[in-house]
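Visitor: The structure is given below, and queries will be raised subsequently.
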Amino acid sequence: MGLPRPQDYVPPPLPRARDVLRTIRALATDIVPHLGRMAVRPVGAMPTTCTPEGLALIRRACAAALRRLGVAVEVRFPERVVGAGGLVLMWNQESHLDHLVLSSAIPRPFFSLYNNEIARFPFYGAQMRATGHVHVDRNDEAQWRPSIAAAAARVRAGECALVSPEGTRSWDGRLLPMKRGAFILAAAAGQPIVCVTVIGGHARLPRGSPVVRAGPLRVVFAEPIPNDGSEGDLAERVAATFETTKRQYAL
C-alpha cells in the first residue's frame, strides 16, 4: 500500500512532447544500459559511491544523464561536507531523480541506507547490498535495529552515511513527517549532521509520473548540525533546516 494522496492534491500539468522525447532518450542511453550491465556483471562488480574511484565514475555518469534529461543542477556550499571524519547526510526526498542528483552533487564517498522498494528492484537491490550500502526494513525490527547499529559504527569509524528521514516521496513536494530511524542512527553515530536540501526535484519528476520535465534543480548543503549522541530535538532541527532552506533558496 503506497503513500495516500493528500486531499488537496493537484495533479501536475501534462509533460511537453520534448520532455517525453528527452526521457525516452535518457532511458535508452543511460538507464536501460546501466541495468543491463548490472544484470550481466557479477554481483558487487559495479562501481560504488562508497569508494573515491567508484564515486568519480558514478558522478560523471549521473551528470551526463541529467544533462540529457534537460535538468540543470546547481550545487550550493558543497564545502560544508568535510572531506574526512564521520558524517550523517540527511536529504529531503523529492523524486526518483534524487538518485542521480545526489550522486552527482555529494563531494565525498558515502554509503546509503535504502528501503524495501530499492531492495526489491531487479539487479539494483542486489548490487546495492553487495557494494557497501545498508538495507533497512522498517517493518522488521529484528532486521532494522542491527542494520542501523552497523551503519552507525561505520560513521563513528569515519565514513559518511546518506539517509532520508522522510522514508519516501510526497505527492505534492511538501516535506513529510520525520521517521525516527534516521535519528536513532544519528544519535548512535554521534557525528555531525548535514542537511542536503533538494529544491525543484518534485517539479522535474512528480510522483507517479514517468516523464522528467526539463528545468532547473538546486541542491543546498546546510551548515553542520552538532550532534551530542542523543536524539533530543534532532528531528525538529532537521525538519526546520529543510523548510528554511527551501524558502531561502527557492527557484
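Visitor: Show the residue pairs meeting these rules: Cβ distance below 7 Å; 6+ apart or different chains; first residue within segment 33-54 and over 13 Å from His133 (Cβ atoms) and touching a residue at least 24 places away in the same chain (Cβ under 8 Å); second residue of a type in the set (A, V, I, L, M, F, W, C) and part of a loop (DSSP other than H, G, I, E, B).
Guide: Leu35/Phe123; Met38/Met46; Met38/Phe123; Ala39/Phe123
Residue-by-condition table, conditions (1) touching a strand residue (DSSP E or B) at 6+ places or on another chain (Cβ under 6 Å); (2) over 22 Å from Thr48 (Cα atoms); (3) of a type in the set (Lys, Arg); (4) assigned to a loop (DSSP other than H, G, I, E, B):
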| residue | (1), (2), (3), (4) |
| --- | --- |
| Gly132 | yes, no, no, yes |
| Ser147 | yes, no, no, no |
| Ala152 | no, no, no, no |
| Leu176 | no, yes, no, yes |
| Ala187 | no, yes, no, no |
| Ser209 | no, yes, no, yes |
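Visitor: So, of the residues in segment 119-145 that are surrounded by 17 or more Cβ atoms within 10 Å (Cβ to Cβ) and either among the charged types (D, E, K, R) or free of Cβ contacts under 8 Å to residues at least 40 places away in the same chain (or both), which turns out to be farthest from Met46 (Cα to Cα)?
Guide: The selected residue is Trp144.
Visitor: Okay, moving on. Which members of segment 1-54 meet the condition of being touching a Leu at 6+ places or on another chain (Cβ under 6 Å) and within 21 Å of Ala126 (Cβ to Cβ)?
Guide: Answer for segment 1-54, where residues must be touching a Leu at 6+ places or on another chain (Cβ under 6 Å) and within 21 Å of Ala126 (Cβ to Cβ): Pro47, Thr49.
Residue-wise test of (1) surrounded by fewer than 14 Cβ atoms within 10 Å (Cβ to Cβ); (2) assigned to a loop (DSSP other than H, G, I, E, B); (3) at pLDDT 90 or above.
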| residue | (1), (2), (3) |
| --- | --- |
| Pro4 | yes, yes, no |
| Val10 | yes, yes, no |
| Leu14 | yes, yes, yes |
| Arg22 | no, no, yes |
| Ala26 | no, no, yes |
| Asp30 | no, no, yes |
| Leu35 | no, no, no |
| Pro42 | yes, yes, yes |
| Ala45 | yes, yes, yes |
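The values are calculated or read from the model by the stated rules, or taken from the named source; none is laboratory data. All values reported here derive from a predicted model rather than from experimental measurement. Glycine also receives a Cβ, built like all others from the backbone with ideal geometry; neighbour counts cover every protein chain displayed.
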